[in-house]
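Colleague: Below is the structure I would like to discuss, written out as C-alpha cells.
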Amino acid sequence: VQLQASGGGLVQAGGSLRLSCAASGRTINSYAMGWFRQAPGKECEFVAVISWRGGSTYYADSVKGRFTISRDNAGNMVYLQMYSLKPEDTAVYYCAVRVHSGNDYSQRAYDYWGQGTLVTVSS
C-alpha cells in the first residue's frame, strides 16, 4: 500500500484545514485508518482512527471536538477535517493503515505510512 498525504499548509489560529490521504496499490476498505502527528522535538502521537466501515471513530483528547476523521472507501481516501486550529497543532501529519489487529492508538500497530504533510498554525 502506498499512502500520499496532502492538504497541509500555513493557517492562523482558529482556522481550518482538511487533510487528505490517498491510498494506492491495494484497496483499504477492509482496514482501519489512522492519523498521527509529530511536532518538532516531540514524539509521534496518535490523532484519530476510523474503522474499516467508518462506523467507529476515536480521537486524542487534545483534538476531540475539533477534528473529524472520515473515509471514502470507493475512492480509497481518508480525510482529517481540522477546525479551530491551535498553535500546538503544528506538526507533520501522517496517515497510516492498520492491516493486522492491534492497538489503534499505537503507531507500532500500523503497517503502512504516508510521507506526511506539514501543518503550521500561527498565533
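Quick note: the coordinates plus some simple rules give every number you see, no bench work behind them. Fair warning: this is a prediction, and the values are worked out from it, not measured in the lab. All Cβ positions, even for glycine, are placed from backbone atoms using ideal geometry, and neighbour counts span all protein chains on display.
Colleague: Return the FRET efficiency for the residue pair Glu88, Gln115: r is the Cβ-Cβ distance, R0 is 22 Å, and the value is rounded to the nearest 0.05. Could the numbers behind the result be given before it?
Modeller: Values: r = 23 Å, r/R0 = 1.03.
Once rounded, the FRET efficiency stands at 0.45.
Colleague: Set the Förster radius R0 to 30 Å, insert the Cβ-Cβ distance between Arg18 and Tyr105 as r into 1/(1 + (r/R0)^6), and round the FRET efficiency to 0.05. Numbers along the way, then the final one.
Modeller: Values: r = 23 Å, r/R0 = 0.76.
Efficiency at R0 = 30 Å is approximately 0.85.
Colleague: Which of the listed residues, Ser51, Ala39, Gly15, is farthest toward the dipole's positive end in the chain, when Lys, Arg count +1 and Asp, Glu count -1 at the beta-carbon?
Modeller: Toward the positive end, the furthest listed residue is Ser51.
Colleague: Extension gain Ser122-Arg26, at 0.36 nm per residue separation less the Cα-Cα distance, in nm? Write down the numbers at each step before the final one.
Modeller: Numbers: separation 96, 0.36 × 96 = 34.56 nm, distance 3.68 nm.
So the extension gain works out to 30.9 nm.
Colleague: List the Cys residues of the chain that have no partner Cys with a C-beta closer than 4.7 Å.
Modeller: Cys44
Colleague: Let me know the shape class of the stretch 21-71, please: from the alpha-carbon gyration tensor, a ≥ b ≥ c as square roots of the eigenvalues, rounded when a/c is under 1.5, otherwise prolate if a/b is greater than b/c, or oblate.
Modeller: Details: a/c = 2.76, a/b = 1.43, b/c = 1.93.
Oblate shape, in that a/c is at least 1.5 and b/c is the bigger or equal ratio.
Colleague: A further question on this structure: Place a point 7 Å from the Cα of Ser70 along the Cα-to-Cβ direction; which residues of the stretch 15-47 have their backbone N under 15 Å from it?
Modeller: The answer is 17-21.
Colleague: Per-residue HN-Hα couplings for the stretch 58-70, Karplus 6.51 cos²θ - 1.76 cosθ + 1.60 at θ = phi - 60°, whole Hz, x for Gly and Pro?
Modeller: Working through the residues one at a time gives 9, 9, 5, 4, 5, 10, 4, x, 10, 10, 9, 9, 8 Hz.
Colleague: Over the chain, with a Gaussian network built from C-alpha contacts below 10 Å, which listed residue (Lys64, Lys86, Lys42) shows the highest mean-square fluctuation?
Modeller: Lys42
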